[in-house]
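Asker: Below: one structure in structure tokens.
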Ligand code: FAS
Ligand code: PHB
């Protein structure tokens, strides 16, 4: 039986970042991942990193490519009623910014750092089980190459995403799940064309539905349009996508959209989800394993980063200072921040999307709220400070 201090389930952003934070503190850890590394890298997801996230990446020594290739954004833009308005995020938050840098690249950098430090990651682990985490000798069991393997550990970190095994292993009576499913999805495309808005993410509310203009680099664009939940990717030709995107933007920006063949096209459902608590004896949930937000507020990946910042700090206190204080307060600290991000993501999604009952009155109310927002310094500041990410100790006494 292999032994380690922390067994991490999942080699997505949560697991990889936690692994690097623990390694930096001299805490042994093993990551057990169901898929191959290539499969993990093939998932096209988030694109906007909060300053807390970029600071963590630099803290664990994977900031070089981020600093060279990431694009710093000082503002965002809101489109509604055929007009476009900039929100000066940098000015409204005393200089904070967000950085456009794809989750795929962040994951690639973390994978390279992990293998560069010869840290153990088990890919293609099948039938992963988490055992005895409610006692003081937790174990992880998995199958690989026809063999059954076991890892003895002090703690298990459930970084295995929304469909993972860790949360699913918790007895129903020990966990409370809160969920809201939205009546639409996001059709997202990647295209190797220059982004229409290279220095600001554009969020568009239109009578035809929501649209978003983002990027992965100065030569690679990322766009989304709201679509019905029962749409299929094959229903959307490239031409139909580009036409629809332009219809949802203001005329000036629509005229500048550079189109081209899409290299990735997928439809993602939108949901808000939180599982409470995030700790079960010696097993801790982090990232999508514990919560999901609609991507509107660009919070999913960033919440995963703040969870593992709290969790790594708790483990460091346990081993270095021989105190369980951080471990005992982990769930409450995370959930205070998670619920504020859930609220912000729900609010922005509700404001920007067309719901089945939006109709004429609902559209006019959304436009009125947006007109109030862009002309109210206090409401714009509220949007800006949530968008860049609230401080890790926000509201703590
Ligand atoms: P992940 O799901 O990324 O990683 C979990 C890992 O655990 C995976 O590699 C999985 O293979 C592995 N795993 C699962 N079950 C396992 C098991 N039984 N045993 C071992 N390993 C197991 N966020 C944004 O901020 N902006 C966006 O635009 C955005 N778009 C998204 C689009 C989609 C389709 C999805 C699904 C999510 C999107 N997100 C977005 C959120 C996303 O970026 C997540 O927040 C982020 O991936 C969270 O990282 P992890 O918590 O590591 O979970
Ligand atoms: C992205 O670039 O994928 C992205 C950007 C901002 C969001 C959501 C997704 O709010």
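The values are calculated or read from the model by the stated rules, or taken from the named source; none is laboratory data. Just so we're clear, the structure is a prediction, and the values are computed from it rather than from any experiment. With ideal geometry, Cβ positions are generated from the backbone for all residues, glycine too; neighbour counts draw on all protein chains shown.
Asker: If you check 103, 51, 96, which single one turns out to be away from ligand 1 (no atom under 16 Å from the Cβ) and closer than 30 Å to residue 245 by Cα? Even if it seems obvious, please write down each step before you answer.
Answerer: Values: 103 fails: away from ligand 1 (no atom under 16 Å from the Cβ); 51 fails: away from ligand 1 (no atom under 16 Å from the Cβ).
Residue meeting the stated conditions: 96.
Asker: Among 40, 72, 62, which is part of a strand (DSSP E or B) and either touching a helix residue (DSSP H, G or I) at 6+ places or on another chain (Cβ under 6 Å) or touching a residue at least 24 places away in the same chain (Cβ under 8 Å) (or both)? Don't jump to the end; show me each part of the working.
Answerer: Details: 40 fails: part of a strand (DSSP E or B); 62 fails: part of a strand (DSSP E or B).
Of the residues listed, the single one that is part of a strand (DSSP E or B) and either touching a helix residue (DSSP H, G or I) at 6+ places or on another chain (Cβ under 6 Å) or touching a residue at least 24 places away in the same chain (Cβ under 8 Å) (or both) is 72.
Asker: Select, from 272, 306, the only residue that is surrounded by fewer than 21 Cβ atoms within 10 Å (Cβ to Cβ), at pLDDT 95 or above and either touching a helix residue (DSSP H, G or I) at 6+ places or on another chain (Cβ under 9 Å) or not in a helix (DSSP H, G or I) (or both). First the steps, then the outcome.
Answerer: Working: 306 fails: surrounded by fewer than 21 Cβ atoms within 10 Å (Cβ to Cβ).
None of the other options fit; the residue is 272.
Asker: Ok, one more. Please specify each residue of segment 78-101 satisfying the condition of being assigned to a helix (DSSP H, G or I) and more than 14 Å from ligand 2 (Cβ to nearest atom). Working first, answer last.
Answerer: Start the filter on segment 78-101 by keeping residues that are assigned to a helix (DSSP H, G or I), which leaves 89-92.
The answer is 90, 91, 92.
Asker: Please verify whether residue 45 is at pLDDT 95 or above and part of a loop (DSSP other than H, G, I, E, B), treating the condition exactly as stated.
Answerer: Spelling it out, it is not the case that residue 45 is at pLDDT 95 or above and part of a loop (DSSP other than H, G, I, E, B).
Asker: May I pose another question? Are there any pairs, at least 6 apart or on different chains, whose C-beta atoms fall under 9 Å, with the first in segment 381-397 and exposed (fewer than 15 other Cβ atoms within 10 Å of the Cβ) and the second part of a loop (DSSP other than H, G, I, E, B), and if so, which?
Answerer: Here the result reads none, with nothing in segment 381-397 linked to a residue that is part of a loop (DSSP other than H, G, I, E, B).
Asker: From the set of residues in segment 106-129 that are without any contact (Cβ under 8 Å) to a residue 60 or more places away in the chain and away from ligand 1 (no atom under 15 Å from the Cβ), which is farthest from residue 55 (Cα to Cα)?
Answerer: In the first step, residues of segment 106-129 are kept if they are without any contact (Cβ under 8 Å) to a residue 60 or more places away in the chain; the result is 109, 112, 115-116, 118, 127, 129.
When the remaining residues are screened for being away from ligand 1 (no atom under 15 Å from the Cβ), the result is 112, 115-116, 118.
Working: 112: 18, 115: 21, 116: 20, 118: 23 Å.
Of everything passing the filter in segment 106-129, 118 is farthest from residue 55 (Cα to Cα).
Asker: Now for a separate question. Would you check if residue 284 is at pLDDT 95 or above, over 29 Å from residue 379 (Cα atoms), within 16 Å of ligand 1 (Cβ to nearest atom) and not in a helix (DSSP H, G or I)?
Answerer: On the way: at pLDDT 95 or above: yes; over 29 Å from residue 379 (Cα atoms): yes; within 16 Å of ligand 1 (Cβ to nearest atom): yes; not in a helix (DSSP H, G or I): yes.
Yes: the conditions hold for residue 284.
Asker: Run down 27, 87 and say which single residue is under 18 Å from residue 119 (Cβ atoms), touching a residue at least 40 places away in the same chain (Cβ under 8 Å), more than 21 Å from the chain's Cα centre (by Cα) and surrounded by 15 or more Cβ atoms within 10 Å (Cβ to Cβ). Quick ask: steps written out before the conclusion?
Answerer: Details: 87 fails: under 18 Å from residue 119 (Cβ atoms).
Just a single option satisfies the conditions, and that option is 27.
Asker: While we're here: Within 19 Å of residue 352 (Cβ to Cβ), within 11 Å of ligand 2 (Cβ to nearest atom) and buried (at least 19 other Cβ atoms within 10 Å of the Cβ) - does that describe any residue in segment 225-237?
Answerer: Residues of segment 225-237 within 19 Å of residue 352 (Cβ to Cβ): 225-229, 231.
Still in the list and also within 11 Å of ligand 2 (Cβ to nearest atom): none.
Within segment 225-237, not a single residue is within 19 Å of residue 352 (Cβ to Cβ), within 11 Å of ligand 2 (Cβ to nearest atom) and buried (at least 19 other Cβ atoms within 10 Å of the Cβ).
Asker: Select the strands (runs of 3 or more DSSP E) contained entirely in segment 121-224, then report the ones holding at least 3 residues which are within 16 Å of ligand 2 (Cβ to nearest atom).
Answerer: Working: elements: 126-131, 139-144, 147-152, 155-158, 176-191, 200-204, 211-217.
Those strands (runs of 3 or more DSSP E) span 176-191, 200-204, 211-217.
Asker: Hey, can you tell me all the residues within segment 303-318 that are within 16 Å of ligand 2 (Cβ to nearest atom) and over 16 Å from residue 60 (Cβ atoms)?
Answerer: Step one: of segment 303-318, the residues within 16 Å of ligand 2 (Cβ to nearest atom) are 303-305.
Scanning segment 303-318 gives a single hit, 303.
Asker: Determine which member of the set 249, 285 is away from ligand 2 (no atom under 16 Å from the Cβ), touching a residue at least 40 places away in the same chain (Cβ under 8 Å) and buried (at least 19 other Cβ atoms within 10 Å of the Cβ). Before the answer, list the steps.
Answerer: Numbers: 249 fails: away from ligand 2 (no atom under 16 Å from the Cβ).
One residue alone meets the criteria, 285.
Asker: Within segment 102-117, track down each residue that is more than 13 Å from residue 19 (Cα to Cα) and not in a helix (DSSP H, G or I).
Answerer: 102
Each row is one residue, and each column tells you yes or no for (1) within 16 Å of ligand 2 (Cβ to nearest atom); (2) modelled with pLDDT under 95; (3) within 26 Å of residue 220 (Cα to Cα); (4) surrounded by 20 or more Cβ atoms within 10 Å (Cβ to Cβ).
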position: 7; (1), (2), (3), (4): no, no, no, yes
position: 37; (1), (2), (3), (4): no, no, yes, no
position: 76; (1), (2), (3), (4): yes, no, yes, yes
position: 103; (1), (2), (3), (4): yes, no, yes, yes
